[in-house]
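Take a look at the structure below.
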Amino acid sequence: MFKHSIFLRIYAGLLILMVLVACSGYILTQMINYQRAQEYRESLTDGMAYIISEGIARQPNRQQKEDWISDASSLLGIPIFYVGADQVALSRAELRRIEQQKAVVRYEAENGVAYVVMGIKNDPQHYLYAQIEEITEQQMKFLPVFIQDYLAYYSGQEAKYLANIQQHFSYPVTIQSIRDLDLDSEQLSRLRLGNGIILYRDNASIRGTTISIISPLERDPSQAIVIGSVPLFNWMPFELAAGITLLSLFILSLGVYGLMIPMQAKLREVNRALDQMQGGDLSVRLPVDGTDELANLATSYNNMAEHIQRLIEAQRELMRAVSHELRTPVARIRFALEMLVDEDDYDYRVQQMDMIDKDIEALNTLIDEIMTYAKLEQGMPSLDFEQVSLFEVLDQVLIETEALKTGKVLELIAPPIGLEVETERRYLHRVIQNLVGNAVRYAETQVIMSGGLNADGMAYICVEDDGPGIPLEERERVFEAFARLDDSRTRASGGYGLGLSIVSRIAYWFGGEIRIDESPRLGGARFVMTWPPGRPTKKK
């Protein structure tokens, strides 16, 4: 059942797709978080890398530089090494960061250790190489010490130079009055004792938990260096990410299911209609709503049902008409054969044989007409479209008709000799031949043929006669198979009532139409067939 249900396959595909989306989303989130964490680590170290670089650059000789680095390592509680630049392999992007006086951070997730490489101002031959396993309160409390060491060279201008170095920090570093800080008594006491404090604050906004480091200014204890607030890195918890992803996929699946329900209902209607068609009921038609694929399916079904219904009705009508039309020549042949049995007169026997031969020829003609009509009625025949000279086909039919010695005057109003249209020559010849034959049969004295391109750019052929014409209310019926009019165009005029039906079907498959009106020149009937001069689109 699963493999036969398109909707089960769609739902299974959607489930697999949602799993793939969830896995891809998780992997992408991890990659983004890794990149965010790397940028966060670098943003925390860039400012201090600049301050430490400035502090080392102020030392006059190598020994004092190494002593300064040793003191810094002890204060921060992390190993810091003074190494040659050739001992550290850096990428092009990392070298660019060093040139911009920023830090290079390499984090090893396996052992949770970050390696920090810092450049030294005016000493491109050496780097500082630090190993940080974790960030402690000791390190945070001593960060202001390095900033104060830098500002000690600019006594009285601390605020100005602090503003100058702000560009190297991704978080604010300011000098503020202690009285302006929102601190409790215990925190104020620790500041008066010269100790730094660390403030953790929870924020309901996107920043989350933040850290601020406050250290009293040595030159003026009433003021303090305030670092931060610095937001803690916010990893998106796996449970939260998974929950959001699953909820989103669930809502998506509900939406897709809601979109599928109307489609299922429409397909059930198609199935019901097909079941009724299988049972013999061809009257069911599907409602066509919109212009989507299902609407196209409904339209195709309706067209198919109408075509099948028309074919069945045409087949029934054809069987009734054929049985009727065949009886007359068959009865004449049987009568003639019975007459021959007892007849000894040779001339009379020859006369009867000639009549039998004519009846057999009539049967052959009728069968040929029936086969042609059936082929055109069942579906689009194999049409070999080519560029055809309209004048040549009209002139050919004119010559063939005059050779029959009909006693009628045939006139051709010829189109330009060089005019060519894309059509099927054999069927176009059949159309003109049928129309001219029909006109000759009912004309009094004259028939006019013409063709060309009309004002709308459509190819056309026109056949007119000076006969009695066709009443307006009968003009549609003459194109029905085996139809004959009761007044002016009687059975005595000959034919089987299939010629105009064949013309109508050929016009349909050419993508055109055939119409009847009154001839303005001769007063009789005028038949005009029009069709696109290019290749028509295939019809169902």
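The values are calculated or read from the model by the stated rules, or taken from the named source; none is laboratory data. Only a predicted model underlies this, so the values are computations on that prediction, with no experimental measurement involved. No Cβ is skipped: glycine too gets one built from the backbone with ideal geometry, and neighbour counts run over all protein chains shown.
Those strands (runs of 3 or more DSSP E) of segment 337-444 in which 3 or more residues are at pLDDT 85 or above and either within 23 Å of residue 518 (Cα to Cα) or among the hydrophobic types (A, V, I, L, M, F, W, C) (or both) occupy 409-413.
With respect to the conditions (1) touching a helix residue (DSSP H, G or I) at 6+ places or on another chain (Cβ under 8 Å); (2) in a loop (DSSP other than H, G, I, E, B), residue 213 lacks only one, and its number is (2). Determine if segment 100-114 includes at least one residue that is among the hydrophobic types (A, V, I, L, M, F, W, C), more than 18 Å from residue 39 (Cβ to Cβ) and surrounded by 13 or more Cβ atoms within 10 Å (Cβ to Cβ). Yes, segment 100-114 has at least one match. Within segment 497-533, which residues are surrounded by fewer than 22 Cβ atoms within 10 Å (Cβ to Cβ), part of a loop (DSSP other than H, G, I, E, B), among the hydrophobic types (A, V, I, L, M, F, W, C) and modelled with pLDDT under 90? Matches in segment 497-533: none. Among residues of segment 197-208 being outside any strand (DSSP E or B) and exposed (fewer than 14 other Cβ atoms within 10 Å of the Cβ), the one that is modelled with the lowest pLDDT is 206. Annotation: of all residues in segment 158-188 being hydrophobic (A, V, I, L, M, F, W, C) and in a helix (DSSP H, G or I), the one that is surrounded by the fewest Cβ atoms within 10 Å (Cβ to Cβ) is 163.
The set of residues in segment 275-290 being in a helix (DSSP H, G or I) and touching a residue at least 24 places away in the same chain (Cβ under 8 Å) consists of 277 alone. When 191, 128 are checked against the criterion of being in a strand (DSSP E or B) and among the aliphatic types (A, V, I, L, M), 128 stands alone in meeting it.
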